[in-house]
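Notes follow the structure.
Derivation of every value follows stated rules applied to the coordinates shown; laboratory data play no part. Just so you know, these numbers come straight off a predicted model, no measurement behind them. A quick note on method: Cβ atoms are made from the backbone with ideal geometry, for glycine too, and the neighbour counts reach across all protein chains shown.
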Amino acid sequence: MGESETWCASVNRLFVQRYAIDIQDIGFDDEYLERCYSSGEAASEFVERIASKFDLDPRTAGYRPQS
C-alpha cells in the first residue's frame with residue numbers, strides 16, 4: 001500500500017470512528033483525495049476541516065454500527 005493509500009485509509013477510518021460515515025458516503029473521488037494528500041495535510045486535520053465545512057455531527061457514545 002502506497003503512502004497516499006495509507007492516508008486515504010486513515011481518513012476513512014477517522015470518518016467512520018468520529019462521524020459514522022465513510023469517504024464513499026461523502027462522495028469524494030480519488031482525484032480529490034489525492035490532491036488533499038499531496039497538499040501535505042494530515043489525515044486528522046483533513047477530517048476535522050471537512051467535518052467543520054459540512055457541519056457534521058460527531059456520532060454519539062451509544063452508537064453501534066450495524067453488523
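A few notes on this one:
- Ranked 15, 54, criterion: other C-beta atoms within 10 Å, fewest first: 54, 15
- Against the set [x] 35, 26, 18; [y] 28, 26, 24; [z] 59, 22, 11, the structure's computed Cα extents along the principal axes in Å falls on [x].
- Amide hydrogen proximity for residue 21: with H placed 1.01 Å from N in the peptide plane, the residues at 5 or more positions away or on another chain lying under 5 Å are 16.
- Percent RCO, i.e. relative contact order, over the chain, from Cα pairs under 8 Å lying at least 6 residues apart: 40
- Think of it as helices only: each DSSP H run of n ≥ 4 in the chain is worth -39500 (n - 2.57), and spread over all residues that comes to -18000 deg cm²/dmol at 222 nm.
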